[in-house]
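The values are calculated or read from the model by the stated rules, or taken from the named source; none is laboratory data. Keep in mind that what you see is a predicted model, and the values were worked out from it rather than measured. A quick note on method: Cβ atoms are made from the backbone with ideal geometry, for glycine too, and the neighbour counts reach across all protein chains shown. We work out accessible area using only protein heavy atoms, side chains counted, and drop any ligands, DNA or RNA first. Shrake-Rupley method; radii C 1.70, N 1.55, O 1.52, S 1.80 Å.
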Amino acid sequence: MNDILIIDPDTKAQLTKSSEGLLQNGLVKFPFKNGAYRLVSDSNYTENFGKEWNTFQTTQIDKHTGNNVSKVRLFAQTGWKENDFAGENILEVGSGAGRFTQILIDYTKANIFTVDYSNAVEANFRNNGPHERLNIFQGSIYDLPFAPKQFDKVICLGVLQHTPDFKNSVQCLCNMVKPGGQLVIDFYPIKGWYSKINAKYMLRPFVKNMDHQRMMKLIDKNVDWMISAHMFFKKIGVGKIVNRFIPVCDISTTVPKGLSKAQLREWVVLDTFDMMSPAYDNPQSLETVSQWLKEFGMEQIDASMVKFAEVFEAATIRCTQKQ
Ligand SMILES: C[S@@+](CC[C@H](N)C(=O)[O-])C[C@H]1O[C@@H](n2cnc3c(N)ncnc32)[C@H](O)[C@@H]1O
């Protein structure tokens, strides 16, 4: 069905897929469990994301919410068309609960290889598996189980700022793109000196190591007044400044329009946990990342703030691996 060469990231030995796991010389090297090949254990710096996506498994998945935010975002950022790419191989890195995996499966005909470092791979499988074109791996961007330069397309959305070495992460993604193939990435942008004047960056040093269950409870307990305060300050025209100091996600620019009250509350708890709990939060500028991509030999670098679904914009770069 597809011709992607799977390897042991350490030894580079070839592995074959079976229902028991990834095999080397007929023996299981990495097990297959709950829908994913497991190259790493759950115990790593992304445990917060495992909790987040297994708790809020369906909150941002289009087919469950009834909206099309993930679809609109994916096609706006990539510039791709629906029902394309039959026979091609797409690698998605950092898939979380699989909001974009769903779109790739449902709206392209490509074979999808998707990787996440956390046990969010289980939520992704429950949302999108089993499917003959879907292959899920729990592994790291730094140790991907694929031989270099094989994928027609590599996509990494919402991930890079949460990795410990942004530049190395970008290089690892470039290494996966085949000659003439495309890479699409996005990340939290540094827009100016004011980017870090925000309750998130003030509080994170104190809360990022907090027990995740405790943090989730604390957010859930306080979310209603924080939503009311955010809406109030927005209504009286001072939201852009005052809301920076309320420790809640930026509801006006990160939550889609048209959600029910309950859906909005759930989305805000999820996004607030997502902004407070990560071990790493390293925004970057479009210029710096474009420069790195040039260093790594990528061509046709197209960097811009892509707008979609009325309220959103994302710092996005599309580029091509040289032939
Ligand atoms: C904010 S979530 C975004 C998930 C998904 N792309 C989305 O937009 O819903 C970031 C994801 O990146 C994953 N991640 C972080 N570091 C990673 C690494 N080194 N390798 C692979 N995935 C990683 C996390 O586990 C998490 O699921």
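Candidates in region 199-224 are the residues that are of a type in the set (A, V, I, L, M, F, W, C) and over 13 Å from VAL269 (Cβ atoms); of these, the one that is most open to solvent (accessible area, probe 1.4 Å) is PHE206. Can you give me the number of residues within region 177-198 that are in a loop (DSSP other than H, G, I, E, B) and either within 12 Å of the ligand (Cβ to nearest atom) or not aliphatic (A, V, I, L, M) (or both)? Of the residues in region 177-198, 4 are in a loop (DSSP other than H, G, I, E, B) and either within 12 Å of the ligand (Cβ to nearest atom) or not aliphatic (A, V, I, L, M) (or both).
Annotation: of all residues in region 70-94 being out of contact with any Phe, Trp or Tyr (no Cβ under 8 Å at 6 or more places or on another chain) and open to solvent by less than 10 Å² (accessible area, probe 1.4 Å), the one that is farthest from the ligand (Cβ to nearest atom) is THR78. The sole residue among THR288, THR253 that is more than 15 Å from the ligand (Cβ to nearest atom), open to solvent by 60 Å² or more (accessible area, probe 1.4 Å) and under 20 Å from LYS196 (Cα atoms) is THR253. Scan region 225-238 for residues that are open to solvent by 60 Å² or more (accessible area, probe 1.4 Å), part of a helix (DSSP H, G or I) and of a type outside the set (A, V, I, L, M, F, W, C) and the total you get is 3. Scanning region 39-57 for residues that are touching a helix residue (DSSP H, G or I) at 6+ places or on another chain (Cβ under 8 Å) and either more than 12 Å from the ligand (Cβ to nearest atom) or free of Cβ contacts under 8 Å to residues at least 12 places away in the same chain (or both) yields one hit, THR55. Looking only at region 264-285, filter to residues that are more than 18 Å from ASN168 (Cα to Cα) and open to solvent by 60 Å² or more (accessible area, probe 1.4 Å); which one of those is nearest to the chain's Cα centre (by Cα)? Restricting to residues being more than 18 Å from ASN168 (Cα to Cα) and open to solvent by 60 Å² or more (accessible area, probe 1.4 Å), the top hit is GLU266. Just to be sure, is VAL170 open to solvent by less than 10 Å² (accessible area, probe 1.4 Å), in contact (Cβ under 8 Å) with a residue 60 or more places away in the chain and away from the ligand (no atom under 14 Å from the Cβ)? The answer is no for VAL170. The residue pairs whose first member lies in region 238-261 and is among the hydroxyl-bearing types (Ser, Thr, Tyr), whose second member is part of a loop (DSSP other than H, G, I, E, B), and whose beta carbons are closer than 7 Å, counting only pairs six or more residues apart or on different chains, are SER252/VAL311; THR253/VAL311. Cβ-Cβ contacts under 8 Å between residues 6 or more apart (or on different chains), taken from a first residue in region 287-316 that is of a type in the set (Ser, Thr, Tyr) to a second residue that is part of a strand (DSSP E or B) and loosely packed, with under 14 Cβ neighbours inside 10 Å, are listed as THR316/SER304; THR316/MET305. Among the residues making up region 118-167, those that are within 14 Å of the ligand (Cβ to nearest atom), open to solvent by 20 Å² or more (accessible area, probe 1.4 Å) and either more than 26 Å from GLN321 (Cβ to Cβ) or assigned to a helix (DSSP H, G or I) (or both) are ASN119, GLU122, PHE125, TYR142, ASP143, LYS167. Selection of first residues in region 95-113 that are closer than 12 Å to ILE155 by Cβ and in contact (Cβ under 8 Å) with a residue 60 or more places away in the chain and of second residues that are among the aliphatic types (A, V, I, L, M) and within 16 Å of the ligand (Cβ to nearest atom), restricted to Cβ pairs under 6 Å at least 6 apart or on distinct chains, gives the following pairs, ordered by first then second residue: PHE113/LEU91.
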